[in-house]
1. Taking a ≥ b ≥ c as the square roots of the eigenvalues of the Cα gyration tensor of the chain, is the shape rounded (a/c under 1.5), prolate (a/b larger than b/c) or oblate?
2. Compute the relative contact order of the range 141-245 as a whole-number percentage, counting only Cα pairs closer than 8 Å that sit 6 or more residues apart in sequence.
3. How far, in nm, would the chain grow between residue 248 and residue 201 when pulled straight, counting 0.36 nm per residue and subtracting the alpha carbon separation?
4. If you find the alpha carbon centre of the range 152-201 and of the range 29-80, how far apart are they in angstrom?
5. Would you please put 174-182, 121-129, 82-90 in order of how densely packed they are, using the mean number of other Cβ atoms within 10 angstrom per residue and starting with the highest?
6. Can you give the relative contact order of the range 49-268 as a percent, counting alpha carbon pairs under 8 Å and 6+ residues apart?
7. Taking the mean number of other Cβ atoms within 10 Å as a proxy for protection, how do you rank 149-161, 239-251, 33-45 from highest to lowest?
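Throughout, read-outs are computed from the coordinates displayed, never taken from laboratory work. These figures come from a predicted structure and were not determined experimentally. FYI the Cβ positions are ideal-geometry reconstructions off the backbone, even for glycines, and counts take in every protein chain you see.
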């Protein structure tokens, strides 16, 4: 008689492992939700740390100008060089300024600026707050009757949420100038003709969607960096993990938000 095949069952250890991972996942989501809720509560209640917000705007915005300028300029030149042969094959080289403006304003400027900010600003927030957490500086602020969450977290998230849309507009302008220089070198197009052709295809919805994207990206980068740093543990290793996790989480959420916002804007368009 052939024995009946044994029905494989999940081992108790595997069940425990899966259950533990699920609990940790949903617990982390709940902690992030509480963190964001606490931010909105502290952001709209007195006292307001205007001086520290301005200081963080300087740290986030002004100190990122050099990197943003170089990246935006190179992006404009490279995208123009890559697009010219394809349009030339169809005899549509005159559409190059319109194509460049649509690509930069709608997608490249917000996305490139957000990724740069996630790598530079997000990691800095995670490392700075993580270092303060593991060295008990945050606990010392609580003892000295200072609200560390309002002073450290609210100011940083507010600053990057304000400054990233400004950096996106600046990146778009620098990228357009890089594209103009390349087009002028090859087609001898004047500056007035270039911008007239470029902005003839750009609508208010395109500019508004870019600013809205940048605001969402800035808030996401700030929350990711501050959350990871504010909850860092295990000494210097925890600081490194906080900085790394802040960058990875922020970049992942940026791409998710990009996909969702693009679908929403296209539905309106």
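1. oblate
2. 39 percent
3. Extra length available between residue 248 and residue 201 comes to 13.4 nm.
4. Using only Cα atoms, the two centres lie 19 Å from each other.
5. Averaged packing, sorted descending, gives the order 121-129, 174-182, 82-90.
6. 36 percent
7. Values: 149-161: 23.7, 239-251: 21.3, 33-45: 13.0.
Result, highest mean Cβ count within 10 Å first: 149-161, 239-251, 33-45.
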